[in-house]
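To start, the structure itself, in structure tokens.
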Amino acid sequence: MSLHLSKEFPRFYGRRIGRKLSKSGILALKAGSKYILQYDRFSEDLLNFNKKIVLEIGFGDGKNLINSAKQNPEILYLGADPFLNTTVKCIKQILENNINNIKIWPDDIRKILDLFPSKSISEVKLLFPDPWPKLKHQKRRLIQINFINSIYKILKTNGTITVATDHKILKSWILEKFQAKKKFEWQIEISKDWQNRPKDCFLTKYEEKALNEKRITSWFVFKKK
Ligand SMILES: C[S@@+](CC[C@H](N)C(=O)[O-])C[C@H]1O[C@@H](n2cnc3c(N)ncnc32)[C@H](O)[C@@H]1O
């Protein structure tokens, strides 16, 4: 994939690649190339679909992305994740299930946020982002003021971003950062709302891990006013 990026982007600190890809992984990557979003053909690849678009940032092995796409064939799901090994797993499932309403951006989401026209995305899902719990690493967290401003710009009016975490420090960080942006409204009706996974999200690998290790998961939905 060729990237012609003129702008400086925040550095990405996570892993891009783990174990060497298996033969079947390399084959899946080839066979699934039509699902990969091309930077140079962004509009043709994505916006010409003329469908409601849901963006999932950091889809991991793709459990939520795949299940959502299967359940809602009328919606286009765009998944972004720079970690190649899990992206390949996700592409294998897309191929096995013959899914046609997913596009994958196999890189840092911050590289393409400016390409979306304003008000083009209906929903954003950010499920269990890396918490970077140490104070000295807080700049590495994805949720920063610039990121929130970009999400605000690309969301349609009344569009939502759903953020989940199982980490105490990140939970406070999420609330602090989103509530500082006065034009996002926290969707909470009863106090326990934040403890329950919203109906339109599926169990992910990281949620499962948190539940097995008896950590409380928190779910926040913020709506663009
Ligand atoms: C803790 S994992 C959670 C994965 C999945 N959402 C789940 O719940 O199982 C965080 C994921 O976010 C991805 N990620 C980290 N920084 C990212 C970025 N800047 N853009 C897109 N994805 C990112 C990582 O590669 C990783 O797959």
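Some notes on this structure:
- Listed pairs 51/89; 34/139; 119/214; 20/156; 51/223; 89/168 exceeding 32 Å between Cα atoms: 34/139; 119/214; 20/156
- Distance from the range 166-198 to the range 110-155 (C-alpha centre basis), Å: 15 Å
- Globularity index of the range 146-204, i.e. its alpha-carbon radius of gyration over 2.2 N^0.38 Å: 1.17
- Potential lengthening between residue 137 and residue 17 on full extension [0.36 nm per residue; Cα-Cα distance subtracted]: 41.1 nm
- Per residue, in Å², the accessible surface of the chain once ligands and nucleic acids are set aside, probe 1.4 Å: 55 Å²
- Between residue 203 and residue 47, the modelled label-to-label distance comes to 4.0 nm, taking each label 7 Å out from Cα in the direction of the beta carbon.
- For the range 216-225, 3J(HN,Hα) per residue [Karplus equation, 6.51 cos²θ - 1.76 cosθ + 1.60, θ = phi - 60°, Hz, x = Gly/Pro]: 6, 9, 10, 10, 10, 10, 10, 10, 6, 7
- For the chain, the direction-averaged projected area of the alpha-carbon convex hull comes to 12.7 nm².
- Using R0 = 30 Å, the C-beta based FRET efficiency linking residue 40 and residue 153 works out to 0.85.
- Backbone geometry of the range 169-179 corresponds, through the Karplus equation with coefficients 6.51, -1.76 and 1.60 at θ = phi - 60°, to 3J(HN,Hα) couplings of 5, 5, 4, 5, 4, 4, 5, 4, 5, 6, 6 Hz, x marking Gly and Pro.
- Note on the chain: with charges restricted to the Cβ of Lys and Arg (+1) and Asp and Glu (-1), its dipole about the Cα centre is near 580 debye.
- Calculated [θ] (222 nm, deg cm²/dmol) that DSSP helices of n ≥ 4 give over the chain, each run adding -39,500 (n - 2.57): -8500 deg cm²/dmol
- 3J(HN,Hα) from dihedral phi, the range 150-159, Karplus parametrisation 6.51/-1.76/1.60, rounded to Hz, x for glycine, proline: 5, 4, 4, 5, 7, 6, 6, 4, 6, x
- Estimated translational D of the range 36-112 in µm²/s (Stokes, Kirkwood radius over Cα pairs; 4 °C; 1.567 mPa s): 105 µm²/s
- Loop-exposed GluC sites (Glu not before Pro) per DSSP, neighbour cap 14 Cβ within 10 angstrom, longest uninterrupted part of the chain: 75-188
- Positive dipole terminus of the chain, leading residue within 180, 80, 60 (C-beta point charges): 180
- Segment residue 212..residue 100, full-extension length gain: 37.0 nm, with 0.36 nm per residue of separation and the alpha-carbon distance subtracted.
- Taking the accessible area of the chain, probe 1.4 Å, and keeping the other protein chains in place, the carbon and sulfur fraction comes to 50%.
- For residue 187, the amide hydrogen comes within under 5 Å of the amide hydrogens of 221, 222, 223, counting only partners 5 or more places away or on other chains and with H modelled in the peptide plane.
The values are calculated or read from the model by the stated rules, or taken from the named source; none is laboratory data. Only a predicted model underlies this, so the values are computations on that prediction, with no experimental measurement involved. A quick note on method: Cβ atoms are made from the backbone with ideal geometry, for glycine too, and the neighbour counts reach across all protein chains shown. Surface accessibility is based on the protein's heavy atoms, side chains included, excluding ligands, DNA and RNA. Shrake-Rupley method; radii C 1.70, N 1.55, O 1.52, S 1.80 Å.
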